[in-house]
Structure formats: C-alpha cells, structure tokens
Amino acid sequence: MDDRQTHPEEGGAIPTAHQIAQEVAASAVGPQTAGSRVRNYFLTGVVVAGPLAITAYIVTWIIGLIDGWVKPLIPAAYLPDTYLPFAIPGFGLVVAFVGLTLLGFLTANLVGRSLLNFGERILARMPVVRGLYKGVKQVFETVFSEHGTSFRSVVLIPYPSREVWSIAFLSAPPSPAIAERLPEAGEYVGVFMPCTPNPTTGFFFYLPRKDVIEVSMTVEDAAKLIMSGGVIQPDSAASAPRTLPAHRRKDLEAASP
C-alpha cells in the first residue's frame, strides 16, 4: 500500500514521517551504528517538527498582532478577559472578521454605498490624503478583485538576456499614455518579476506580447518555486508552456532541416 498522503488540490504527494525516516536512513553510507541511528532519528524529528513549529509560530504571531490592534478598540465591558483569569487568544481576530463581513454587507446595499461615496467625497477634498487614499484603494481593488486579470497568470520572460528565462506574473497592460511612447508596434503587456527568496520585491517591465510565454502554473506554485530557489517544483504536467514567443519560433524554424 502506498505510504503517501495525497492532496489532489495541491497536485502532488506529501511524504509521511515514516517515509522521511526511510529516506534519511537510506542516505547513510555503511552499516548503521547506534550514533548514526540517533542522528537519523534526530534529523527526522527536525524535518517533521520544524514545519509544524514554524507554522504554529507564524499563526500565533498573526493572531497576536490582530488582537493587539482590535482589542484596544473594544470596551472592557465586552472583553472576555475582564471576566476571566486568562486571556482568550483570537478574540480580536473573530471580532475583526465579523466586523469586516458586516461592513462588506452594509457597503453592498444602497445606503452603505451612499455613505461610502459621501466619505470618499470628503477625502477627495483633502490635498495629501486624497492621493494616498486613491492609490491604496486601487491596490486593494486590484489585488482582491474577483474579476481582475492582474497577477492571475504565470509567464516566462527573456531576462536578463534572450537565452535566459525568468518567472514573472502577468500584470495590467500599459495605459494609453505609456503605450503610445513604446518603440515597437504591437501589443504590450505588463509583467512583474519577483526576486528570490523575497517575492515582495522585484522588477516591473512592459514587454511585447510575442516575447512572453504563458505557463500553465498557479500563482501559488510559482511563488513556492521562487521562494525556494527552484527546490520546490510544481507538477511538471501542469507546467508546460502554452505559447512560444515569435523569436523563439523563428529560431526553431531556422535550426530545423
């Protein structure tokens, strides 16, 4: 029986602790001594406990951060910490989730939209706040839009040279003011190329559509590939290029007999 825990939504199989122990033991050269067995067991424990500990730390940090923001805004009479001898972690997170959901519900109706438009008109009259609010709002609408196309596709671009390919994310096309100043005729696309291992920084380019390879890969898989430096590979069957750039097709045609 296969000893792997498969997750169809992730497109691969995750090794169990027993398989990790077998792989660590198989990596040892020569007969197994008592010291080598202890070493292998220790490394197996690190591999199993490490991701769990880091995940628990990050989740605890996020919950504590949100609680630190939300709890000071709640009156003490409504905090369970006031009546209990211990604090309840995550209470601020629950209040924030309920509050944001209620805010979205109110904004979706006519009265809520009217109040939102009234508040935006007030902000539009403030010289400094106006530009800041407009820019932040556009970023949030782009990132969280269900119908937007930005950062929804993974592509390959010829960078830093024609012979080297880098992973990037398809972004919004250039505005008319930029498109009319681009040197070559044809369709251009905006791409964001993140850096390794920190994908929050990178480079933004406008490239001809014909020079961009679309890849059948999810944004999550591409982010894992970038952050891991190519160690975590996605499913190869789902990562085949969709289209080949025009200059690459010409090179292949010229090289073919």
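Derivation of every value follows stated rules applied to the coordinates shown; laboratory data play no part. Nothing here was measured: the structure is a model prediction, and the numbers come from that model. Every residue, glycine among them, receives a Cβ derived from its backbone with ideal geometry; neighbour counts consider all protein chains shown.
Points to keep in mind about this one:
- Applying a threshold of 9 Å to beta carbon distances and a minimum spacing of six or more residues, or different chains, the list of pairs starting in region 222-234 at a residue that is under 7 Å from residue 197 (Cβ atoms) and ending at one that is loosely packed, with under 13 Cβ neighbours inside 10 Å reads 227/197; 227/198; 229/197.
- For first residues located in region 108-125 and of a type in the set (A, V, I, L, M, F, W, C), partners that are in a helix (DSSP H, G or I) and lie 6+ apart or on another chain with Cβ distances below 7 Å form the pairs 116/107; 123/129; 123/130; 123/133; 124/130.
- Flag for residue 107 being surrounded by 10 or more Cβ atoms within 10 Å (Cβ to Cβ), under 24 Å from the mean Cα position of the chain (by Cα) and of a type outside the set (A, V, I, L, M, F, W, C): no
- Search result, residues across region 152-161 that are farther than 14 Å from residue 208 by Cβ and not in a strand (DSSP E or B): 152, 153, 160, 161
- All positions within region 162-215 that are touching a helix residue (DSSP H, G or I) at 6+ places or on another chain (Cβ under 6 Å) and in a loop (DSSP other than H, G, I, E, B): 187, 196, 197, 199
- Total residues in region 91-141, condition more than 27 Å from residue 62 (Cβ to Cβ) and among the aromatic types (Phe, Trp, Tyr): 1
Per-residue answers, yes or no, for (1) surrounded by 11 or more Cβ atoms within 10 Å (Cβ to Cβ); (2) within 21 Å of residue 200 (Cα to Cα); (3) among the hydroxyl-bearing types (Ser, Thr, Tyr):
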site	(1), (2), (3)
67	yes, no, no
79	yes, no, no
88	yes, no, no
98	no, no, no
125	no, no, no
128	no, no, no
155	yes, yes, no
168	yes, yes, no
